[in-house]
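Let me begin by presenting the structure, written as structure tokens, before commenting on it.
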Amino acid sequence: MGIQISPSMLAADFANLAAEAERVSHADWLHVDVMDNHFVPNLTLGLPVVEALAKATSIPLDCHLMIENPDRWAPGYVEAGAQSVTFHVEAATAPVRLARELRRMGARAGMGLRPATSIEPYEDLLPELDMLLVMTVEPGFGGQSFLEMCLPKIKRTRELIAKHGLDLWLQVDGGITPDTIEQCVQAGADVFVAGSAVYKADDPDAMIESLRKQAEAALPPR
Ligand code: DX5
Ligand code: ZN
């Protein structure tokens, strides 16, 4: 697929989500952060808002569920219109069953790891997924600083993807800016979530194109 940019609506104006989606028409995905104030110490939005947003935009929704009990709630986000649904492995009871259910319903299945969660215990699970999300900040808030300690994990994940010959997207989320995106590309990421960097820019679409070009230029020769 190459490089993809998924602006996070967490940094958008929540009173005008449909209009905010139009400001990022060059996005490959719209990243929607769902927080329940249990898995993370913050509360954002849920199913009714995702359902309304899906009707208001033609950009596919990339729902990032920072919630407890995703086994119970994640399938509802496919019904609400999300094309990609990412649950956190730390919160899931039966990640294999859940990933299969999301795929069966026609969505891309994503699994997220907090900064302190290793990829190695989940090597055998990778073929069940369409996307692996390596968080590059502690989930919960936008505008935090990128954690460099996550770079080796991105690299090891990319090596596991290659080892198994998988078509698995590798997403990074948190502190992605013009200053940090190249290190992530070099480590092996290919889907970039950016909240503040895109929505706080004067021209969000121009920032998306600029991040995309910067990432493409940093791609290692394969
Ligand atoms: C944080 C969220 C991110 C957040 C990123 O828990 O998962 O998607 O919006 O925001 P920035 O890009 O500002 O770090
Ligand atoms: Zn996110």
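The values are calculated or read from the model by the stated rules, or taken from the named source; none is laboratory data. It should be emphasised that the depicted structure is a prediction, and the values quoted were computed from it without experimental measurement. Counting neighbours? That spans all protein chains shown, and the Cβs are built from the backbone with ideal geometry, glycine included. Surface accessibility is based on the protein's heavy atoms, side chains included, excluding ligands, DNA and RNA. Shrake-Rupley method; radii C 1.70, N 1.55, O 1.52, S 1.80 Å.
Data for the structure
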| quantity | calculated |
| --- | --- |
| Highest-MSF residue in the chain out of G175, G112, G143 [GNM, Cα springs under 10 Å] | G143 |
| Efficiency of FRET between S118 and A18 - r from beta-carbon atoms, R0 35 angstrom, step 0.05 | 0.35 |
| Charged-residue dipole, Cβ positions (Lys, Arg, Asp, Glu), region 165-222 about Cα centre, Debye nearest 20 | 140 debye |
| Spin-label model distance (nm) - A94 vs H38, 7 Å beyond Cα toward Cβ | 1.8 nm |
| Residue-averaged 222 nm ellipticity for the chain, from DSSP H runs of 4+ at -39500 (n - 2.57), nearest 500 | -9500 deg cm²/dmol |
| Å² per residue, accessible surface of region 112-222 at 1.4 Å | 44 Å² |
| Charge dipole magnitude, Cβ of K and R +1, D and E -1 - the chain, Cα centre, debye nearest 20 | 460 debye |
| Region 172-222, accessible surface, carbon-and-sulfur percent (1.4 angstrom probe) | 51 percent |
| Straight-distance crosslink candidates among lysines, where the alpha carbon sits under 29 Å from K153 and sequence neighbours closer than 8 are dropped | K163, K200, K213 |
| Cut-off 12 Å between beta-carbons: net charge of the residues surrounding A187, Lys and Arg +1, Asp and Glu -1 | 0 |
| Distance from region 50-75 to region 151-186 (C-alpha centre basis), Å | 23 Å |
| Solvent-accessible area, 1.4 Å probe, carbon plus sulfur percent, for region 56-125 | 46 percent |
| Average Cα contact separation per residue, the chain, under 8 Å, 6 or more apart, as relative contact order % | 21 percent |
| Solvent exposure ordering (accessible area, 1.4 Å, most first) of Y122, Y77 | Y122, Y77 |
| Calculated P(r) of the chain - Cα pairs past 25 Å, % | 32 percent |
| Rounded FRET efficiency, nearest 0.05, which uses the C-beta distance separating E79 from D202 and R0 of 41 Å | 0.65 |
| FRET efficiency, 1/(1 + (r/R0)^6) with R0 25 Å, evaluated for M1 and A217 via beta carbons | 0.90 |
| Where region 29-82 is the region considered: accessible area per residue in Å², 1.4 Å probe | 41 Å² |
| Protein-only accessible surface order, largest first, of V50, V96 at 1.4 Å | V96, V50 |
